[in-house]
Amino acid sequence: MLLKEYRICMPLTVDEYKIGQLYMISKHSHEQSDRGEGVEVVQNEPFEDPHHGNGQFTEKRVYLNSKLPSWARAVVPKIFYVTEKAWNYYPYTITEYTCSFLPKFSIHIETKYEDNKGSNNHIFDNEAKDLEREVCFIDIACDEIPERYYKESEDPKHFKSEKTGRGQLREGWRDSHQPIMCSYKLVTVKFEVWGLQTRVEQFVHKVVRDILLIGHRQAFAWVDEWYDMTMDEVREFERATQEATNRKIGVFPPAISISSIPLLPSSVRSAPSSAPSTPLSTDAPEFLSVPKDRPRKKSAPETLTLPDPEKKATLNLPGIHFSDKPCRPKLE
């Protein structure tokens with residue numbers, strides 16, 4: 001398990017970002033989807049939690065097969081997808097990712113939003129007080145993004161909002177800009193496969209960091225599109241965009257509705273309080289199983305010797321680092 005805390009500041013207020021986040025997620029998902037590939041919205045409905053109160057539950061399937069390198073596509077089935085489940089009790093949210101092809105893989109994200117420049121070092125004391133973690137600042141204006149995702153129109157150094165007058169952010173903007181808010185994200189990555197755990201978890205954190213950087217740049221660069229929206233209007237935009245996205249990737253479920261009544265009471269369904277556990281069954285999926293009526297090759301070995309689990313090397317977690325410098329991934 002590898003735990004990191006990301007802090008992303010925005011030239012917005014927490015109340016403004018609530019609208020911008022919903023708009024950005026819907027528009028980004030639609031842009032990144034194509035027929036057979038992209039984000040399918042399975043559920044989007046009100047949800048009540050006994051501790052956090054009223055919120056919104058969303059479940060999505062993210063189909064990624066064509067995004068994989070060629071060697072991975074050779075072994076990963078075309079029905080491969082990532083399930084995203086999110087519980088939004090703004091300004092607190094929980095998001096979980098699991099993979100249809102890797103039962104021992106999961107990502108757990110807890111997010112809190114505050115009107116400050118990322119200066120609260122105790123915001124996750126209740127959730128991770130005794131856990132070792134690294135704190136990484138992400139600067140939407142000055143941190144580099146992968147070249148293939150760069151758009152000058154979405155670059156906060158060049159973009160200036162007509163409706164708010166904010167933009168053209170320069171080095172050190174976090175120290176002087178008003179208004180300013182921070183998205184604090186506690187991200188736990190688990191890949192419980194001996195020999196690959198550290199490498200895969202570090203790679204996933206690099207991908208998560210890039211996604212957070214790109215998404216928050218877009219949320220600000222699109223501010224003139226969503227700034228005047230009410231919550232009802234952005235929910236309607238969300239519903240219409242989700243249906244269009246599902247049609248775009250070739251999924252035709254019943255129309256997505258955002259009702260005012262939860263389908264199940266909180267006593268039946270409750271949001272997770274910690275990172276998701278590894279599924280009890282680790283058997284290969286049925287499509288990978290050898291048919292029972294197929295004779296076994298004579299040359300196949302009768303037994304397979306696996307390494308002794310008790311001889312595994314102990315992996316050390318990184319220590320806690322608090323730094324005011326942006327966290328940049330190590331270049332390969």
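The values are calculated or read from the model by the stated rules, or taken from the named source; none is laboratory data. Everything numeric in this text was worked out from a predicted model, so none of it was measured. Here Cβ is always computed from backbone atoms with ideal geometry, including for glycine, and neighbour counts include all displayed protein chains. The area values use the complete protein model at the heavy-atom level, side chains included, leaving out ligands, DNA and RNA. Shrake-Rupley method; radii C 1.70, N 1.55, O 1.52, S 1.80 Å.
May I ask you to list the residues in the range 136-186 that are closer than 21 Å to MET229 by Cβ, touching a strand residue (DSSP E or B) at 6+ places or on another chain (Cβ under 8 Å) and not in a loop (DSSP other than H, G, I, E, B)?
Within the range 136-186, LYS160, GLY167, MET181, SER183 meet the criteria.
Right, VAL223: exposed (fewer than 15 other Cβ atoms within 10 Å of the Cβ) and of a type in the set (Val, Ile, Thr) or not?
Judged against the criteria, VAL223 is not a match.
Is at least one residue of the range 59-66 more than 16 Å from the chain's Cα centre (by Cα), surrounded by fewer than 16 Cβ atoms within 10 Å (Cβ to Cβ) and at pLDDT 95 or above?
no
Restricting to the range 99-120, name every residue that is modelled with pLDDT under 95 and either open to solvent by 60 Å² or more (accessible area, probe 1.4 Å) or within 23 Å of PRO46 (Cβ to Cβ) (or both).
Hits for the range 99-120 are LEU102, LYS104.
Yes or no: TRP173 over 22 Å from LYS60 (Cβ atoms), in contact (Cβ under 8 Å) with a residue 24 or more places away in the chain, surrounded by 14 or more Cβ atoms within 10 Å (Cβ to Cβ) and hydrophobic (A, V, I, L, M, F, W, C)?
When the stated conditions are applied, TRP173 passes them.
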